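Novice: Before I ask anything, let me first share the structure, which is written out below as structure tokens.
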Amino acid sequence: MLNRRETNEQILRAAEILHRHGIEAGYEFILDIPWLTEENCRGTFELVMQIPRPFGLHLHSLSLLPRAALTERALAEGLITREQVALAHRPLVDRFASHLWQYRLEVRNRQAALWHTLIYLAGLPFMPRSALWKLYRLRMVLRLCPRLLLLIAEVARTKEATGQARFLPALTNVYPGLARFLGRHPTVAGLLGRVMRPLAYGVWRMAKPAEDTS
């Protein structure tokens with residue numbers, strides 16, 4: 001569709017060569033292609049999970065430019081609107097700031113919220129791959145409420161940016177109303193934490209342990 005003919009096997013062979021020679025590579029992925037299927041998304045996640053660390057991961061949004069063949073096809077199939085195509089005329093920085101895969105992704109597309117967030121987490125060097133495989137096995141549960149996975153991603157983003165995993169700022173970005181309430185009632189926040197901790201651990205244990213290949 002995008003006329004990129006390289007296979008996952010070729011990408012991984014090249015990644016192994018670069019890793020063997022101590023070269024830290026960067027990989028670019030376009031996530032919100034209108035024709036992506038669940039199989040495509042799963043394949044992308046599994047590919048990223050096999051790339052030897054360390055590496056850089058850069059996630060992008062597909063720009064559907066006016067009169068481009070892909071744009072005309074998406075319009076003909078009813079996958080996008082003329083209004084969405086008009087957004088391509090915005091400055092490049094504004095277009096990048098509105099990526100569909102970011103944390104405020106609408107729950108209307110639960111599949112996208114799930115896979116795009118898993119792929120983002122897989123690119124973070126401090127995220128244990130054993131933990132990511134557990135989240136992967138819990139995907140049917142997480143899909144019911146993808147904001148929980150988005151919250152994990154937001155905590156991870158704060159750790160990447162500041163070196164510390166800060167829960168309250170992450171909660172503010174994903175659940176602002178709940179964060180404001182807990183900020184006004186620290187006793188309730190403490191009680192909620194004590195209740196949620198064993199529940200979260202129990203759900204975590206539902207996933208079969210996997211070998212960490214990081």
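The values are calculated or read from the model by the stated rules, or taken from the named source; none is laboratory data. Because the structure is a prediction, the values reported are computed rather than measured. Note: ideal-geometry Cβ built from the backbone for every residue, glycine included; neighbour counts use all protein chains shown.
Novice: Could you say whether any residue in the stretch 167-175 is at negative phi, outside any helix (DSSP H, G or I) and either touching a residue at least 24 places away in the same chain (Cβ under 8 Å) or touching a His at 6+ places or on another chain (Cβ under 6 Å) (or both)?
Specialist: Narrowing the stretch 167-175 to residues at negative phi: 167-175.
From what is left, the residues that are outside any helix (DSSP H, G or I) are 175.
When the remaining residues are screened for being either touching a residue at least 24 places away in the same chain (Cβ under 8 Å) or touching a His at 6+ places or on another chain (Cβ under 6 Å) (or both), the result is 175.
Yes, the stretch 167-175 contains a residue that is at negative phi, outside any helix (DSSP H, G or I) and either touching a residue at least 24 places away in the same chain (Cβ under 8 Å) or touching a His at 6+ places or on another chain (Cβ under 6 Å) (or both).
Novice: Could you give me the residue pairs with C-beta distances under 8 Å whose first residue belongs to the stretch 39-68 and is more than 16 Å from L124 (Cβ to Cβ), whose second residue is among the hydroxyl-bearing types (S, T, Y) wherever it lies, and which are 6+ apart or on separate chains?
Specialist: From the stretch 39-68, the pairs are S61/S98; L64/T71; L65/T71.
Novice: Consider T7 carefully, then state whether it is under 26 Å from L118 (Cα atoms) and loosely packed, with under 14 Cβ neighbours inside 10 Å. It would help to see each step written out before you state the result.
Specialist: On the way: under 26 Å from L118 (Cα atoms): yes; loosely packed, with under 14 Cβ neighbours inside 10 Å: yes.
Against the criterion (under 26 Å from L118 (Cα atoms) and loosely packed, with under 14 Cβ neighbours inside 10 Å), T7 qualifies.
Novice: Could you look through the stretch 43-70, keep only residues that are in contact with a His (Cβ under 9 Å, 6 or more places away or on another chain) and either among the hydroxyl-bearing types (S, T, Y) or in a loop (DSSP other than H, G, I, E, B) (or both), and pick out the one that is farthest from T117 (Cα to Cα)?
Specialist: Taking the stretch 43-70 as the starting set, the residues that turn out to be in contact with a His (Cβ under 9 Å, 6 or more places away or on another chain) are 51-55, 59-61, 66.
Going one step further and asking which of them are either among the hydroxyl-bearing types (S, T, Y) or in a loop (DSSP other than H, G, I, E, B) (or both), we end up with 51-55, 61, 66.
Values: I51: 17, P52: 20, R53: 19, P54: 19, F55: 18, S61: 14, P66: 29 Å.
Per the criteria, the residue is P66.
Novice: In addition: Being part of a helix (DSSP H, G or I) and either out of contact with any Ser or Thr (no Cβ under 6 Å at 6 or more places or on another chain) or among the polar types (S, T, N, Q) (or both) is true for just one of I33, I23, I11. Which residue is that? Write out each step before concluding.
Specialist: Details: I33 fails: part of a helix (DSSP H, G or I); I23 fails: part of a helix (DSSP H, G or I).
From the options I33, I23, I11, the qualifying one is I11.
Conditions tested, residue by residue: (1) closer than 23 Å to R42 by Cβ; (2) polar (S, T, N, Q); (3) modelled with pLDDT under 60.
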{"residue": "R90", "(1), (2), (3)": "no, no, no"}
{"residue": "R110", "(1), (2), (3)": "yes, no, no"}
{"residue": "A113", "(1), (2), (3)": "yes, no, no"}
{"residue": "T117", "(1), (2), (3)": "yes, yes, no"}
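Novice: Within the stretch 115-142, restricting attention to residues that are without any contact (Cβ under 8 Å) to a residue 60 or more places away in the chain, surrounded by 14 or more Cβ atoms within 10 Å (Cβ to Cβ) and closer than 15 Å to E38 by Cα, which residue is nearest to the chain's Cα centre (by Cα)?
Specialist: T117
Novice: Among the residues of the stretch 143-164, write down those that are in a loop (DSSP other than H, G, I, E, B) and either more than 15 Å from the chain's Cα centre (by Cα) or buried (at least 20 other Cβ atoms within 10 Å of the Cβ) (or both). Show your work before the answer.
Specialist: Going residue by residue through the stretch 143-164, those that are in a loop (DSSP other than H, G, I, E, B) are 143-145, 163-164.
Selection gives L144, G163, Q164.
Novice: Go through (1) modelled with pLDDT of 85 or more; (2) part of a helix (DSSP H, G or I); (3) surrounded by 11 or more Cβ atoms within 10 Å (Cβ to Cβ); (4) not basic (K, R) and name the single condition E39 misses.
Specialist: Of the numbered conditions (1) modelled with pLDDT of 85 or more; (2) part of a helix (DSSP H, G or I); (3) surrounded by 11 or more Cβ atoms within 10 Å (Cβ to Cβ); (4) not basic (K, R), the odd one out for E39 is (3).
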